[in-house]
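The values are calculated or read from the model by the stated rules, or taken from the named source; none is laboratory data. Note that this is a predicted model, so its numbers are computed, not measured. Here the Cβ positions follow ideal geometry from the backbone for every residue, glycine too, while neighbour counts run over all protein chains shown. Please note that ligands, DNA and RNA were not included when accessible areas were found on the heavy atoms of the full protein model with its side chains. Shrake-Rupley method; radii C 1.70, N 1.55, O 1.52, S 1.80 Å.
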Amino acid sequence: MLNALVTIAAEEGEAPNPLLPAAYDILWSAVCFIVILVLFWKFALPRMQALLDQRAVAIEGNIAKADEAQKKAEAALEQYTAQLAEARREAGEIRDAAREDGKKIVAEAKDAAAADAARITATAHSQIEAERQSALVSLRSEVGTLALDLAGGVIGESLSDDQKAQSVVDRFLADLEASENSSETLRQAQEPVR
């Protein structure tokens, strides 16, 4: 049977090339291709081009908007940074001024306290001195009265002359103060020096 097929094939002549189609197939394929190309060129390509142009315009518009928004954001950031730096500078100035004011207030309070302390001390010293003088006067008069009474009791007569009695009392008190001062000086001289 194989022999028969080979014989029939040899009688028909030359076999067509399976890679090359027949001429009528090429002609009709070219006509269909040209018709489809013309339709595509006339209708589909302009619509696709318009769609691509719209997309390009929209993308360019969005890019422009994004650039503008970025510029605005950068400007806002610069403004914010400048305001923040200004606020920090002002805060530093306020802090420094507050420190200076605090130092001034403390110094004024110290000065006022020192002045009050000096005034109170001076008042206390003057009051002490006045009370001392008052006590001395009172003591002199009482000691004088007691000394006159005692002297009057020893002598046996009353010493009623005020001028004379006062001079006796003053002389007695002066002698007493002089003896106290000399004993104080002597005691200080006898103490060993350390």
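In the set R88, R47, R55, which member is of a type in the set (D, E, K, R), under 28 Å from the mean Cα position of the chain (by Cα) and in a helix (DSSP H, G or I)? Give the steps one after another, and end with the answer.
Numbers: R47 fails: under 28 Å from the mean Cα position of the chain (by Cα); R55 fails: under 28 Å from the mean Cα position of the chain (by Cα).
Being of a type in the set (D, E, K, R), under 28 Å from the mean Cα position of the chain (by Cα) and in a helix (DSSP H, G or I) holds for just one of R88, R47, R55, which is R88.
List the pairs whose first member sits in region 106-118 and is free of Cβ contacts under 8 Å to residues at least 60 places away in the same chain and part of a helix (DSSP H, G or I), whose second member is among the acidic types (D, E) and surrounded by 10 or more Cβ atoms within 10 Å (Cβ to Cβ), and whose Cβ atoms are under 9 Å apart, counting only residues at least 6 apart or on separate chains?
Here the result reads none, with nothing in region 106-118 linked to a residue that is among the acidic types (D, E) and surrounded by 10 or more Cβ atoms within 10 Å (Cβ to Cβ).
Among the numbered criteria (1) open to solvent by less than 90 Å² (accessible area, probe 1.4 Å); (2) under 17 Å from A174 (Cα atoms), which one does A124 miss?
The failed condition is (2).
Return the residue satisfying two criteria in turn: it lies in region 131-158 and is of a type in the set (A, V, I, L, M) and open to solvent by less than 60 Å² (accessible area, probe 1.4 Å), and of such residues it is modelled with the highest pLDDT. Let's see the steps before the verdict.
Of region 131-158, the ones of a type in the set (A, V, I, L, M) are 135-137, 139, 143, 146-148, 150-151, 154-155.
Restricting the remaining residues to those that are open to solvent by less than 60 Å² (accessible area, probe 1.4 Å) gives 135-136, 143, 147-148, 151.
Numbers: A135: 83, L136: 77, V143: 73, A147: 71, L148: 70, A151: 70.
For region 131-158, the residue satisfying everything is A135.
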